[in-house]
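Every read-out reported here was derived from the displayed coordinates using simple, explicitly stated rules and does not represent laboratory data. Only a predicted model underlies this, so the values are computations on that prediction, with no experimental measurement involved. Note that we place each Cβ from the backbone using ideal geometry, even for glycine, and neighbour counts take in every protein chain shown.
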Amino acid sequence: MSNNPFLWLIAIPLISTPVIYLIGRVFGPGEESSKPCPSQYITLAALLATWIPYILSVSEVLANGSIEYSSQSIAFRIDGLSLLLAGLVLALATLVALFSGAYLAGEKEQEKYYALLVALVGIIAGLGMTNDLFNLWVWFEAMSISTYFLVAFYRKQPRSLEAGIKYLVQSAIGSAMILLAIGLVLASTGSLNLDLIRQVSTKSPMLLIAGALFILGFGVKSALVPMHTWLPDAHSVAPSGISAMLSGVIIEAGLIAMLRALSALSLMASEWGIILMAFGAANMLFGNLMALSQTQVKRLLAFSSLSQMGYVFIGLGLGIYANVINGVRGGLFHILTHGMMKGLAFLAAGSLLYALHIAAGDHMPLTKSDICGAARRYPLPALALSVAVLGLGCIPPLAGFWSKWQIFLAGFETQQVWIIALIVFAGLNSLLSFGYYAPLVIAVYRREPSELVQNGHPLSFGIQAPLLLLSVAIIVIGLWPNLFTWLTKPAAAGLMTAFGG
Amino acid sequence: MNPSSINILAACVLALFGVAIYGLLVTRNLIKIMIVLQILVKAAVLGLVVAGKMNGQINLSQSIAVTVIVADTVVVIVGLALAIQARQVIGTLDADALSKFRED
């Protein structure tokens with residue numbers, strides 16, 4: 001294992017999961033819930049330790065290209081895409097673990113939260129690395145199961161029970177679809193290794209149905225528009241740290257799993273590209289229209305995730321369809337920037353939710369009128385929320401502008417009229433999104449403070465530090481957009497080769 | 001195994017799948033929804049075993065089937081646990097009553 005650092009990238013989080021749970025259980029605050037939970041410190045230590053194998057894997061992949069590893073029917077291939085996903089989940093989970101300390105103070109059973117948060121890191125890292133169709137399903141299912149608990153974390157609240165059950169039923173149907181598709185692929189190619197399938201697959205109706213089932217099944221998790229109905233409920237009632245993880249990493253992980261599965265059926269790459277672009281257009285428009293009518297901040301952000309995923313689908317779809325590598329690079333870059341911006345938006349909204357509602361002991365949702373004038377008392381959360389939503393709305397010197405710009409440029413590169421029309425449609429949607437982003441910024445800065453804000457609870461350093469880090473990162477990427485090219489370039493190249501480009 | 005029995009098994013997969021989809025459309029009781037989800041996954045498991053048999057890879061597909069059954073049992077246990085919570089907190093197992101708590 002010494003010369004395979006990536007195995008530790010999966011192993012450290014998964015080994016520390018039961019440790020975190022047991023220590024929290026034995027030494028945790030138990031019923032007197034005002035004391036801090038020791039699980040948080042072990043979680044932070046485990047996540048920081050996981051950065052070491054991550055950095056080693058990065059240096060190895062950048063030096064030698066992808067790493068292959070297989071033992072019997074377990075096959076791994078670590079390429080740029082695996083590193084992109086692992087890096088995103090590791091970075092967000094570290095910040096969320098830091099954020100959750102004060103946010104969860106006073107809740108019972110915190111050890112479960114931290115244990116599952118760390119487990120998610122190992123599971124998603126594994127999901128990005130697998131090179132076997134059935135292993136992909138196992139990682140995907142493990143990811144779903146750990147998030148079921150996290151979404152229904154406030155298990156005495158009817159709203160979170162409703163969201164958790166809806167999420168569970170829809171995900172379970174999706175994963176059964178994926179299993180049927182795996183059965184079809186096994187029946188027609190006789191193999192489950194993605195490379196072997198790619199060699200022997202033909203353009204047959206059976207594989208076309210399998211691909212459609214993959215899109216349906218993984219589409220539930222990555223919130224393609226008709227299958228998105230779990231998302232706004234789950235994202236708005238989950239603890240805010242988990243909302244950031246769900247929106248910043250989980251739906252992207254579903255998309256990357258879908259791309260891995262579809263890339264094995266690469267003879268039909270242009271069909272998959274068109275389908276992705278069609279879903280992208282639907283996602284953008286529907287997400288924007290629904291977000292416009294929301295009054296709750298976290299629900300608004302959840303619907304804006306739908307429309308942001310639409311840009312990713314369009315970038316990846318046009319890249320795969322027209323063989324434009326810049327489209328794939330833009331799509332992957334947008335996955336990164338969206339993870340950061342939406343993570344920041346949910347954490348900032350979560351810090352205000354904590355200050356205004358949770359610290360006072362109620363579980364009311366945070367509405368737009370609650371946050372009026374929040375900048376007076378909570379300058380950093382207000383600034384972070386503004387940076388995040390302006391970045392999501394594509395304002396030039398912020399990170400979100402450059403990733404969308406790359407997708408738009410790639411669209412013009414194809415020189416096909418209908419793709420250019422789609423890009424114009426995407427640009428107009430970006431303008432439409434200001435219809436709900438701008439009121440948030442105006443509310444926190446220009447309105448008189450609401451009564452809730454005046455009586456709000458003070459925020460500790462642990463809650464504010466992740467907001468500051470992510471805001472600075474978004475501004476820095478906005479000023480130097482090439483900062484992540486070393487990661488998106490090999491990832492896009494690997495994906496294009498897998499799709500036969 | 002001769003081709004006709006493969007066809008019969010494939011028809012069974014489709015039949016189980018159809019039963020599950022019908023069940024999902026008409027069932028409102030949370031416990032019954034979990035049972036229907038089990039039927040749906042069992043259709044997929046049978047499909048995997050048939051697919052392995054067609055290619056002479058029955059060992060692979062049987063080990064996959066066992067893994068799927070384990071993973072799926074976990075899902076159903078979580079689902080039933082949430083259903084019990086719903087019964088305790090809200091006092092009903094009816095999915096329609098539950099969805100009244102959704103925010104629009």
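Structure above, values below:
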item: Mean Cα-pair separation over length for segment A:285-412, i.e. relative contact order, pairs under 8 Å, 6 or more apart, %; result: 30
item: For segment A:270-501: relative contact order, % (alpha-carbon pairs under 8 angstrom, 6 or more apart); result: 27
item: Test item: Cα-centred dipole of the protein assembly as shown, Lys/Arg +1 and Asp/Glu -1 on Cβ, debye; result: 420
item: Derived scalar couplings ³J(HN,Hα) [segment B:22-35; Karplus, 6.51 cos²θ - 1.76 cosθ + 1.60; whole Hz; x for Gly, Pro]; result: 4, x, 4, 6, 9, 7, 10, 7, 4, 5, 5, 4, 5, 4
item: Residue order, fewest to most surrounding Cβ atoms within 10 angstrom, among A:L196, A:L207; result: A:L196, A:L207
item: Lys, Arg +1 and Asp, Glu -1 on Cβ, resulting dipole of segment A:270-501 about Cα centre, debye, nearest 20; result: 240
item: Amide H partners (placed H, <5 Å) of A:D132, local residues excluded; result: A:A75, A:L194
item: Helix-only [θ]222 nm of chain A, DSSP H runs n ≥ 4, -39500 (n - 2.57) each, per residue, nearest 500; result: -25500 deg cm²/dmol
item: R0 of 25 Å, Cβ-Cβ distance A:I475-A:A45: FRET efficiency to nearest 0.05; result: 0.30
item: Cα-based reach from B:K42 at 15 Å (exclusive), listing aspartates and glutamates while leaving out same-chain residues under 8 positions away; result: B:D72
item: Computed FRET value (nearest 0.05) for A:L56 with B:S4, which takes r as the C-beta separation and R₀ as 60 Å; result: 0.60
item: For residues of B:68-79, the mean tally of beta carbons on other chains within 10 Å; result: 5
item: Length added when fully stretched, B:C12-B:V26, from 0.36 nm per residue minus Cα-Cα; result: 2.9 nm
item: Normalised per residue, the volume of the convex hull around the Cα set of segment A:334-390 (Å³); result: 81
item: Peptide B:92-100, shielding by other chains (average Cβ, 10 Å cutoff); result: 2
item: Most to least packed among A:16-24, A:158-166 [average Cβ atoms within 10 Å]; result: A:158-166, A:16-24
item: Cα-based Rg of segment B:19-61 normalised by 2.2 N^0.38 Å, two decimals; result: 1.48
item: Packing rank of A:372-380, A:64-72, A:336-344, where each peptide gets the mean count of other beta carbons within 10 Å, highest leading; result: A:336-344, A:372-380, A:64-72
item: Mean shadow area of segment A:270-501 over all directions, Cα convex hull, nm²; result: 12.3
item: Entries in A:K298/B:K32; A:K298/A:K404; A:K342/A:K489; A:K221/A:K404 that, when Cα-Cα distance is taken, lie over 30 Å; result: A:K298/B:K32
item: Stretchable slack from A:W405 to A:I442, in nm (0.36 nm times residue separation minus alpha-carbon distance); result: 10.8 nm
item: Per-peptide average of other Cβ atoms within 10 Å, ordering A:176-189, A:217-230 highest first; result: A:176-189, A:217-230
item: Selection from A:M177, A:F346, A:T130, by position along the positive dipole direction of chain A (Cβ); result: A:F346
item: Hits among lysines - C-alpha to C-alpha of A:K156 under 19 Å, sequence gap 8 or more where chains match; result: A:K108, A:K112, A:K166, B:K100
item: Dipole magnitude of segment B:3-99, debye to nearest 20 (Cβ charges: Lys/Arg +1, Asp/Glu -1, about Cα centre); result: 120
item: Segment B:3-99 - Debye-derived log10 I(q)/I(0), Cα point model, q = 0.19 Å⁻¹; result: -0.90
item: If the convex hull is drawn through the Cα atoms of segment A:13-151, its volume per residue in Å³; result: 98
item: Positive-pole candidate from A:V387, A:G65, A:T147, dipole of chain A, charges at beta carbon; result: A:V387
item: Average beta carbon contacts from partner chains per residue of B:56-64, 10 Å cutoff; result: 3
item: Over chain A, equivalent-ellipsoid semi-axes from the Cα gyration tensor in Å; result: 34, 27, 20
item: For segment B:80-94, Karplus couplings with θ = phi - 60° (6.51, -1.76, 1.60), whole Hz, Gly/Pro x; result: 5, 4, 5, 5, 4, 4, 4, 4, 6, 7, 9, x, 8, 10, 7
item: Taking chain A and dividing mean pair separation by its residue count, relative contact order in percent (alpha carbons under 8 Å, at least six apart); result: 15
